Amino acid sequence: MTKLGVITIGQAPRKDVTPILEAHLPKRVEIIQCGVLDGLTKEYIDVHLQPGEHDYVLTSRLTTGESVIMGRNKIQPLLQNKIFEMEEQGVKHILLLCTGVFPGLHTRTSYLIEPDHIIPPVVKAMVGSRRLGVIVPLEEQMESLRPKYEPQGLHPEFAVASPYLFMDGNFQAAAFELKDKADIFLLDCMGYTEEARALVAEETGLPVILSNAIMAKIVSEMI
């Protein structure tokens with residue numbers, strides 16, 4: 001078996017996302033999961049890991065199903081330690097289960113697969129000259145994520161629908177907001193599911209790219 005380490009910035013196991021990965025990865029791949037927030041309570045996270053002023057804001061899911069909001073400056077050192085722990089287990093390929101940008105992450109012996117390095121150029125190749133609509137979990141991310149796309153010549157329109165606060169009609173509302181401004185959609189968070197993709201596609205009648213599915217397909221060719 002080939003081991004693939006998967007690190008979520010929330011808590012593991014990610015029962016919502018793992019089935020999507022497993023559907024696209026070869027049977028010879030064994031997924032080993034861990035989470036940056038493993039062992040931490042929501043109360044601790046809310047007190048100690050909240051975003052500071054002008055911090056890059058992130059969100060993820062706990063094993064209880066609750067969502068949390070964190071600052072990148074607070075969790076990046078924890079994430080780096082999880083990478084080293086994976087390496088100590090002998091894992092040679094590590095997938096970061098987050099589409100956020102984490103400058104300076106590194107490994108000692110393993111190959112780190114960072115979605116923010118892969119998804120923007122792949123999406124550019126798929127979109128071409130068409131208009132891109134991007135749905136993100138948090139309103140704060142609409143501006144902070146623009147620099148991820150601009151080097152690829154992409155200037156998407158954004159809307160918000162959290163994968164962790166699955167309120168009735170939130171995906172349809174986000175899709176409706178963008179459907180006259182976009183020709184193809186991206187769900188820019190590894191927490192979005194096939195259900196979310198189906199809701200956006202039904203509302204718009206347009207193609208919808210699911211971040212975790214496209215990463216699973218790419219990773220399946222890499223390991």
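The values are calculated or read from the model by the stated rules, or taken from the named source; none is laboratory data. Remember, predicted model here, so these are calculated numbers, not experimental data. Methodologically, a virtual Cβ is constructed for each residue, glycine included, from the backbone with ideal geometry; neighbour enumeration extends over all protein chains shown. What goes into the accessible areas is simple: the full protein's heavy atoms, side chains included, and nothing from ligands, DNA or RNA. Shrake-Rupley method; radii C 1.70, N 1.55, O 1.52, S 1.80 Å.
Please work out whether the stretch 1-87 counts as rounded, prolate or oblate from its C-alpha gyration tensor, where a ≥ b ≥ c are the square roots of the eigenvalues and a/c under 1.5 means rounded, while otherwise a/b larger than b/c means prolate and anything else oblate? Before the final figure, lay out the partial values.
Details: a/c = 2.38, a/b = 1.83, b/c = 1.30.
The shape class here is prolate.
Taking 7 Å steps out from each Cα toward its Cβ at residue 40 and residue 201 produces label points 3.5 nm apart.
Among the listed pairs 15/92; 42/74; 124/179; 124/181, give every one whose C-alpha distance is greater than 21 Å.
15/92
Per residue, the stretch 146-193 exposes an accessible area of 44 Å² to a 1.4 Å probe, with every protein chain left in place. Loop-located GluC sites (Glu not before Pro) in the stretch 17-56 (DSSP state other than H, G, I, E, B) with a sparse environment of at most 11 neighbouring Cβ atoms within 10 Å: 53.
Would you kindly state how much longer the chain becomes between residue 1 and residue 117 on full extension, computed as 0.36 nm times their sequence separation minus their alpha carbon distance, in nm to one decimal? Walk me through the numbers on the way to the answer.
Numbers: separation 116, 0.36 × 116 = 41.76 nm, distance 2.65 nm.
That works out to 39.1 nm of additional length.
Quick check: the distance between the Cα centres of the stretch 153-217 and the stretch 1-60, to the nearest angstrom? If you average the Cα positions of each part, the centres end up 20 Å apart. Dipole check for the chain: with +1 at the C-beta of Lys and Arg, -1 at the C-beta of Asp and Glu, and the Cα centre as origin, the magnitude is about 740 Debye.
Output the peptides 200-206, 166-172, 2-8 sorted from most to least packed, where packing is the average of other Cβ atoms within 10 Å over each peptide's residues. Mind dumping the intermediate values first?
Working: 200-206: 17.0, 166-172: 14.4, 2-8: 22.0.
Per-residue Cβ counts within 10 Å, averaged per peptide and sorted highest first, yield 2-8, 200-206, 166-172.
With the simple model of a label 7 Å out from the Cα in the direction of the Cβ, residue 108 to residue 81 spans 1.5 nm. Here r is the Cβ-Cβ distance between residue 54 and residue 124 and R0 is 30 Å; the resulting FRET efficiency, rounded to 0.05, is 0.60.
An oblate overall shape is assigned to the stretch 105-154, the ratio a/c of its alpha-carbon gyration tensor axes (a ≥ b ≥ c) being 1.5 or greater and a/b not exceeding b/c.
Can you tell me how the stretch 48-168 classifies by the Cα gyration tensor, rounded, prolate or oblate, using a/c under 1.5 as the rounded cut? Oblate, because a/c is 1.5 or more while a/b does not exceed b/c. Per atom type, the chain shows carbon and sulfur on 51% of its accessible surface, probed at 1.4 Å. Projecting label points 7 angstrom from Cα along Cα→Cβ for residue 139 and residue 89 puts them 3.8 nm apart. Take 183-195, 60-72, 94-106 and order them by the average number of nearby Cβ atoms within 10 Å per residue, most first; the result is 183-195, 94-106, 60-72.
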